[in-house]
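Report on the following structure.
The values are calculated or read from the model by the stated rules, or taken from the named source; none is laboratory data. No experiment lies behind these values; they were computed from the predicted model shown. Cβ: placed from backbone, ideal geometry, glycine included. Neighbour counts: every protein chain shown. Accessible surface is based on the protein model in full, side chains and every heavy atom, while ligands, DNA and RNA are left aside. Shrake-Rupley method; radii C 1.70, N 1.55, O 1.52, S 1.80 Å.
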Amino acid sequence: MDTGEGTIIDNDAAQVTISDASITEGGNLSFTLELSNDVQGDVTVQVGFADQSTSSSDFDHTAQQYTFSGGTPERIPLRSRPPRDGVLETDETLTASLSLVSGNSEVSVTDTGEGTIIDNDAAQVTIRMQASPRAATFPLPLN
């Protein structure tokens, strides 16, 4: 009797992606994590943050972990609350990157997200006229 051997080549792929996000100072910066396909078992990822033009005082830099239970595709919101700082500055950006903590090592975690903190502070210029003791005050947008 002849026998044959068959091999099933797994060509499935799964990845965790992270969205870009933006928020005005003082609001919640919300990224979304998404697992693209079913995978066997739980998948836990860590989201780390790196400054581009932000600094340590602009938002909470603590890395956060999230688990996709049972490997089921789902979306997980990720929030960080940048404080209102009262400082007139340009909009600031940060990078959110992923790493696999545990679970299926075939899951891709190479995506990154960009976070933008939109400045909401304004400058005011006061001009005093020499011909009058009164002051004129008006907002002056700075670009």
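Miscellaneous remarks
- Phi-based couplings in Hz for the stretch 27-43 (Karplus 6.51, -1.76, 1.60; Gly and Pro marked x): x, 8, 7, 10, 8, 10, 9, 9, 9, 6, 9, 5, 9, 7, x, 6, 10
- The 1.4 Å probe gives accessible areas that order Leu29, Leu88, largest first, as Leu88, Leu29.
- Charged neighbours of Ser22, selected by a Cβ distance under 10 Å, balance to -3 (K, R count +1; D, E count -1).
- Shown in residue order for the stretch 49-54 are the 3J(HN,Hα) couplings computed by the Karplus curve 6.51 cos²θ - 1.76 cosθ + 1.60 at θ = phi - 60°: 10, 10, 6, 9, 10, 7 Hz (x for Gly and Pro).
- In this Cβ point-charge picture (+1 for Lys and Arg, -1 for Asp and Glu), the stretch 1-55 has a dipole of about 300 debye about its Cα centre.
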